[in-house]
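What follows is one structure encoded as structure tokens, with my remarks underneath.
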Amino acid sequence: MWGGRFAAGPASVMREINASIPFDKRLWKQDIAGSKAHVAMLAKQGIVADGDAVAISTGLDIIAAEYEANGVPVNLDLEDIHMVTESRLAELIGPAAGRLHTARSRNDQVATDFRLWVRDAMDEVDAGLSALQTALVGRAQDNADAVMPGFTHLQSAQPVTLGHHLMAYYEMVRRDRSRFADARARLNESPLGAAALAGTGFPIDRHATAAALGFAKPTDNSLDSVSDRDFALDYLMAATQCSLHLSRLAEEFIIWASQPFGFVSLPDAYSTGSSIMPQKRNPDAAELVRGHAGRIAGCMNALVITMKGLPLAYSKDMQDDKPPVFEAHDLLGLSIAAMTGMIETVTFRTDRMRALAESGHATATDLADWLVREANVPFREAHHITGRAVKAADYKGVSLPALSLAELQAIDPRIDERLFAVLSIDASVASRVSHGGTAPAQVRERIAQARAALEAKA
């Protein structure tokens, strides 16, 4: 390929370090698509004869069928997917294959292939996240009234509903999808035709190749076109944020599945046993999702460090842009699928959730709010009164609603029997009717909006 300038071949270690075919073979579909769009444009512009263009396009179809059936051959001497494909094309159609590389470089070729691959990856992730949202909404609908403890600092705080809790993750995933969508829109410009770094003197039509490949437009600066990997970083940053959300959900399942909590029973399909302790049911799928988040964040960091000091335009360091993206995408896909499966099949022990929601004085805030609302007590004073009531309940070893009216009035005479209507966990949950609150009516309204949004996107 570049032997005309060199008298001797590369050292064996150079052959290994220089070759990217072991990993960039994953770009073969995008490479074939880009080459077909390029040669069609060359023929239309009169740069390549129609007969040669037909032979090249037909040969590329044959190669695509071979790759589909048998995989891409790994030949380190040919370095990358581009040269493996061009070499095979030459075997099939002869010297005409050499015309395919007219008016382009491997620099714009790989930038185009990689953008196409990342765009496809974003679409795969979006479909997976849509399925996860659907699962979350479905289980939230089933549990819109199921009361559970809401936590801060892993301490019982206020009662909420399980449906409300699950819909919190729907909102996280909604933001994740928006990040991928924003990144996809920025990505969707074609570098093809930027050539090595300066453009080309051939009368090419970059708008035609951009349209043929589904890009919104061609990129506007040839130097930026071949040196830009923002799209890969955008993908990794969105993937990292998404994996953090999945990890938080996984961590909740891990905690909830533990015997002290007992909020869920994980299905056999997403659990493992112990080689020595037959009673064990380990939440390994959730733990691996939690672990994958660290690896995905590491992939993001790897490419950030690679790109941080590169001068324009292309440098060979950029060959290492693909492995972290490929790894992160594989891990993210597994994580999304695992969490979707767990959400769909987990058994929620709502009786246990309700029992724990009734402990820990979870309706203490309702007492303080009642004092503010019904007795015109400033909130800070109401907070102190409530704290004394909690202390009294702790002393007796009972729940806050179990204190008698006399005991409560001994703490503050402004308390009357109306208070007991708000101290139950059901009353507490039902009262949270502010927009986005945990009241079942609010939860069902948000679920309906979510269903409509998912249907509209579908």
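Here residue 396 is the anchor, and the aspartates and glutamates within straight C-alpha reach of less than 12 Å, apart from those fewer than 8 places off in the same chain, are 407.
Highest average first, the peptides 328-339, 431-442 ordered by how many other beta carbon atoms sit within 10 Å of their residues are 328-339, 431-442.
Reported to the nearest whole Å, the Cα centre-to-centre distance from region 343-374 to region 80-127 is 58. Cross-link pairs exceeding 27 Å in C-alpha to C-alpha distance, out of 217/457; 44/457; 36/457, comprise 44/457; 36/457.
Amide H to amide H distances under 5 Å link residue 148 with 160, 161, 162, where only residues 5 or more positions off or on other chains count and H is placed in the peptide plane.
For the chain, the relative contact order comes to 16 percent (Cα pairs under 8 Å, sequence separation of at least 6). Between residue 152 and residue 380, how many nm apart are label points set 7 Å from Cα along the C-beta direction? Spacing of the two 7 Å Cα→Cβ label points: 1.7 nm. Specify whether the C-alpha gyration tensor of the chain places it in the rounded, prolate or oblate class, a ≥ b ≥ c being the square roots of the eigenvalues: rounded for a/c under 1.5, otherwise prolate if a/b is larger than b/c and oblate if not. It is prolate, given that a/c is not under 1.5 and a/b is the larger ratio.
Across q = 0.11, 0.14 Å⁻¹, region 48-150 modelled as identical point scatterers on its alpha-carbon atoms has Debye log10 I(q)/I(0) values of -0.54, -0.70, in the order of the q list.
What is the percent carbon and sulfur in the accessible area of region 217-358, measuring with a 1.4 Å probe over the protein chains and ignoring ligands?
That share works out to 53 percent.
Over the chain, accessible surface divided per residue gives 47 Å², non-protein components excluded, 1.4 Å probe.
Counting only helical runs of four or more DSSP H residues, what would the 222 nm mean residue ellipticity of the chain come to if each run contributes -39,500 (n - 2.57) and the total is spread over all its residues?
So the calculated ellipticity at 222 nm is -20500 deg cm²/dmol.
Site pair residue 281 and residue 142 shows an inter-label distance of 1.5 nm when each label is modelled 7 Å from Cα along Cα→Cβ.
May I ask you to list the residues of region 428-458 whose amide nitrogen lies under 20 Å from a point 7 Å from Cα along the Cα→beta-carbon direction of residue 414? Under 20 Å, as judged by backbone N against the label point of residue 414, lies no residue of region 428-458.
Please report the antiparallel percentage of the DSSP beta bridges confined to the chain, to the nearest 5. Antiparallel bridges make up about 80 percent of those DSSP assigns within the chain.
The values are calculated or read from the model by the stated rules, or taken from the named source; none is laboratory data. These numbers were taken from a predicted model, which means no experiment stands behind them. Ideal geometry is used to build each Cβ from the backbone, glycine not excepted, and the neighbour counts take in all protein chains shown. These accessible areas exclude ligands, DNA and RNA; they are computed on the full protein's heavy atoms, side chains included. Shrake-Rupley method; radii C 1.70, N 1.55, O 1.52, S 1.80 Å.
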